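Everything on this sheet refers to the single structure shown next.
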Amino acid sequence: MIVYQASNLDKVVEQVETWGQKSEPAKIVSCQKREGYLLYEILNENAFAFVARLRWKPEVCFDHFIDLTAVDYSEYPQNLPGRFGVVLTLQSARLGVRVQVKIFVEAEKPQLPTFSTLFDGALWCEREVYDLFGIVFTDHPDLKRILLPEEYEGHPLRKDYPLMGKGERANFPVYTGQR
């Protein structure tokens with residue numbers, strides 16, 4: 001059982017601040033202390049290096065992958081650094097704290113390096129984000145649709161996708177379970 005330790009949130013913030021002084025610092029937009037976790041908002045540049053440091057640095061050791069998902073901010077009232085936010089949720093068993101890393105991704109070429117080399121659990125989550133948002137995870141070993149048919153066009157969780165769909169439901173294959 002992992003016991004939540006609020007005092008360790010400050011230790012993580014201090015540790016991450018020292019990384020900014022080293023080579024390849026991530027472009028941190030903000031760091032917010034929330035109820036029970038930290039939220040880092042960063043730019044796509046060096047995002048993999050930032051998450052890898054969270055994973056492997058013994059001082060923080062965020063060794064438990066919880067989730068990876070995405071958000072489309074194209075109709076958000078505030079100006080943000082990218083159209084999409086890919087959100088990773090990680091936990092440090094040793095420190096008893098969680099961290100969320102929101103990585104902003106541009107609309108023109110929505111892609112990130114795969115995080116499956118750091119966390120095996122990211123494999124399926126990245127496929128789901130690719131399927132529903134169209135964000136490509138480079139070097140992913142099996143990046144293909146997971147929920148929709150391969151020939152499906154579009155990504156239904158994007159804000160510019162039509163509310164009533166494109167009439168594609170009539171073309172979906174129907175599986176009856178009988179052969």
Counted charge near residue 111, where neighbours are those whose Cβ lies closer than 12 Å (Asp, Glu -1; Lys, Arg +1): -3
Angle between the chain longest axis and helix 122-133 axis [Cα atoms, degrees, rounded to 10]: 50 degrees
Shape parameters for the chain, alpha-carbon atoms, Rg then Dmax in Å: 18.2, 62
222 nm mean residue ellipticity, helices alone, for the chain (DSSP H n ≥ 4; -39,500 (n - 2.57); rounded to 500): -6000 deg cm²/dmol
Fraction of beta bridges assigned by DSSP in the chain that are antiparallel (%, nearest 5): 70 percent
Formal net charge of residues neighbouring residue 32 (Cβ-Cβ distance under 11 Å; K, R +1; D, E -1): +1
Order of 151, 17, 59 under a 10 Å beta carbon neighbour criterion, fewest first: 151, 17, 59
Per DSSP, loop GluC sites (Glu not before Pro) in the stretch 89-140 with at most 12 further Cβ within 10 Å: 108
Distance between modelled label sites at residue 35 and residue 153, nm, 7 Å Cα→Cβ extension: 4.6 nm
Per-selection Kirkwood Rh - the stretch 27-97 (Cα, Å, 1 d.p.): 13.3 Å
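FYI, it's all coordinate maths here, none of it is from the lab. Quantities reported herein were computed from a predicted structural model and do not represent experimental measurements. Neighbour counts are summed over all protein chains in view; Cβ atoms, including those assigned to glycine, are modelled from backbone coordinates with ideal geometry.
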